[in-house]
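As structure tokens, the structure follows; a few thoughts come after it.
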Amino acid sequence: MSLNLEEQLRQTAHLFRLGKEAQASVELRNCLELIQNDYSEIMQLTTFQQMLPRMLQAQEQHDWLNLADYLEYELMALINTPT
């Protein structure tokens, strides 16, 4: 059973919050690939283009809680906004 994007984002955020960053990083990559392949309109949004570098910076800095918040709240709100 494959998860939809919202479920994947929630699951990934949860893994980051639990400190399972290796597994969460794999899931993050899957989420970004899903967005790229199935939600390309999101990638065109200025908000997403500004958010992505901040998300990747949080990952680089091992700021898992901030990254989880980006996934669960900001990115989730973005994908639920009608385009």
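The values are calculated or read from the model by the stated rules, or taken from the named source; none is laboratory data. What you are looking at is a predicted structure, and each value in this text was computed from that prediction instead of being measured. Cβ atoms come from the backbone with ideal geometry, glycine included; neighbour counts cover every protein chain shown. Please note that ligands, DNA and RNA were not included when accessible areas were found on the heavy atoms of the full protein model with its side chains. Shrake-Rupley method; radii C 1.70, N 1.55, O 1.52, S 1.80 Å.
Values computed for the structure shown
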| read-out | value |
| --- | --- |
| Residue, farthest from Y70 (Cα to Cα), within segment 15-53, restricted to residues that are of a type in the set (K, R) and in a helix (DSSP H, G or I) | R29 |
| Selection count, segment 1-23, where residues are within 10 Å of the chain's Cα centre (by Cα) and under 14 Å from M55 (Cα atoms) | 3 |
| Residue, nearest to L78 (Cα to Cα), within segment 9-26, restricted to residues that are touching a Leu at 6+ places or on another chain (Cβ under 6 Å) and open to solvent by less than 50 Å² (accessible area, probe 1.4 Å) | L9 |
| Single match in R29, R54 (criterion: at pLDDT 95 or above and either over 18 Å from N4 (Cα atoms) or in contact with a His (Cβ under 7 Å, 6 or more places away or on another chain) (or both)) | R54 |
